[in-house]
Amino acid sequence: MSVELGVLAAHVPSICHRENIPPFQENLVKEMDQIAKDIEEINPELICIVSCHWISTFNHYVDVAPEHKGILTAFECPDIISDVAYEYKGDREIANEMVRAGKSARIPVTAVDDPTYVWDYGTVVPLRYLLPKLDVPVISLSIAEAAGLDETRQWGEVIRSVIDESGKKTVFIFSGALAHNLVRGRINMPTISEQALDKQFIDYTMQRDLQSMQTMLPQYANTAGVEGGGRHLAMMLGIIDEEYKPDFKAYAQSSGSGNAIITFEKEKSATKV
């Protein structure tokens, strides 16, 4: 077994609580609710999530704690996300193996094992929708500002090799937006030019043209202000390959950002028995 499903997921603050979701973002949640059913059917043994809101400076971090438990109030928007409790199991063995493999590949990776560490909302919000029932171990991963896109993609390749070797059936969540030059006013779309860039990247994705996605990403990330500098997308390119069938689910705005929901299902013929 390996990564059975990849999910490019949204984490916009206004979807944290169902009662606060604006109409133009309802489709994001509708699709994530459906993906949750798909994940339940897969019955994974591990969930990995990389979040554009766990931004580390120099090192890539892996949360290796055996239990993830806390109460989140988002410092960026405490009026929207506050007092949100979460509790998930971890997988210390696989998480530590990711750290070891990263170091062996000469990538600066550091383990975090601290019960006082509180997850960011880019981690918590998608899991509230994608993992509402299943008691599945979760490994949380940061993006590193000092890491370029190539290094982040290579780190993704290392992570996938660890998952493959573990034999654990895994779902990998890439939590972040596409265009992300933010403006005030949640209803605002990205600019026409930014939407065109989002569309082109999505088109390459649907064509499984990974080389064009990789070639486009640096300039796209710079011009459209892709969230996290596009690092969650770079890691995605290290995790998925041509064996995965993409399925575009939804696209919605949030304060000038473009938020897409796309799944990547490993085709049955590509799954090793």
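The values are calculated or read from the model by the stated rules, or taken from the named source; none is laboratory data. Small disclaimer: the values here were computed from a predicted structure and weren't measured. Every residue, glycine among them, receives a Cβ derived from its backbone with ideal geometry; neighbour counts consider all protein chains shown.
In table form, for the structure just shown:
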quantity	calculated
Test: A95 is at pLDDT 95 or above, aliphatic (A, V, I, L, M), part of a loop (DSSP other than H, G, I, E, B) and crowded, with 20+ Cβ neighbours inside 10 Å	no
The stretch 74-92: number of residues that are in contact with a Ser or Thr (Cβ under 7 Å, 6 or more places away or on another chain) and surrounded by 14 or more Cβ atoms within 10 Å (Cβ to Cβ)	2
Candidates R186, R208 - the one that is at pLDDT 95 or above, in contact with a Ser or Thr (Cβ under 6 Å, 6 or more places away or on another chain) and of a type outside the set (G, A, S)	R186
Subset of the stretch 1-18 [over 20 Å from Y251 (Cα atoms) and not hydrophobic (A, V, I, L, M, F, W, C)]	S2, E4
Selected residue (criterion: surrounded by the most Cβ atoms within 10 Å (Cβ to Cβ)) from residues of the stretch 19-42 that are within 19 Å of the chain's Cα centre (by Cα) and polar (S, T, N, Q)	Q25
Of all residues making up the stretch 96-127, the number that are in contact (Cβ under 8 Å) with a residue 40 or more places away in the chain, farther than 15 Å from I173 by Cβ and among the aliphatic types (A, V, I, L, M)	8
Output for the stretch 197-240, where each listed residue is closer than 11 Å to A179 by Cα and touching a residue at least 60 places away in the same chain (Cβ under 8 Å)	D198, A221, E227, G228, G229, G230
Single match in V226, V125, V183 (criterion: β-branched (V, I, T), within 25 Å of L46 (Cβ to Cβ) and out of contact with any Lys or Arg (no Cβ under 6 Å at 6 or more places or on another chain))	V125
Residue match in the stretch 179-201 (condition: among the aliphatic types (A, V, I, L, M) and over 30 Å from I80 (Cβ atoms))	no
